[in-house]
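Below is one structure, written out as structure tokens; comments come after it.
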Amino acid sequence: MLFALNLVYIGYYQSIEKPRRATLYMLLRGLIVVVPTFILLPSILGDVGLWLAVPASELITFLVIVARQRGELG
């Protein structure tokens, strides 16, 4: 679910010609957030942390997108 929402937001920012923001969000979900979650979560939660790393990175990325969007509107 969050994967799809993140892709919709990224596509939206590409369509309104904000490629820097779209690229930032793609890098967040694909590299910047996912690498630390793959390192940290297994050390905290064990094997379960490996399975939760990608959903956690999607959630963090979604929260960043929503927070930045609310900052623009408010």
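No lab work stands behind these numbers, since they all come straight from the coordinates. Fair warning: this is a prediction, and the values are worked out from it, not measured in the lab. Here Cβ is always computed from backbone atoms with ideal geometry, including for glycine, and neighbour counts include all displayed protein chains.
Descriptive notes on the structure:
- Other residues lying with their Cβ under 15 Å from the Cβ of L27 contribute a combined charge of +4, Lys and Arg counting +1, Asp and Glu -1.
- All Cα-Cα separations within the chain were binned at 10 Å from zero, giving a P(r) of 21, 47, 24, 9, 0, each value a whole percent of the pairs.
- Think of the chain as having a plus end and a minus end, set by charges on the Cβ of Lys, Arg, Asp and Glu; of L50, V8, V33, V8 sits farthest toward the positive end of this dipole.
- Taking every alpha-carbon pair under 8 Å whose residues sit at least 6 apart, the stretch 34-74 reaches a relative contact order of 33 percent.
- For the stretch 2-73, a simple Cβ point-charge model (Lys and Arg +1, Asp and Glu -1, everything else neutral) yields a dipole of about 260 debye relative to the Cα centre.
- Helical mean residue ellipticity (222 nm; -39500 (n - 2.57) per DSSP H run of 4+; nearest 500) of the chain: -27500 deg cm²/dmol
- Relative contact order of the chain, pairs being alpha-carbon contacts under 8 Å that are 6 or more residues apart, as %: 33 percent
- Computed lengthening from L7 to R20, 0.36 nm per intervening residue step minus Cα-Cα distance: 3.2 nm
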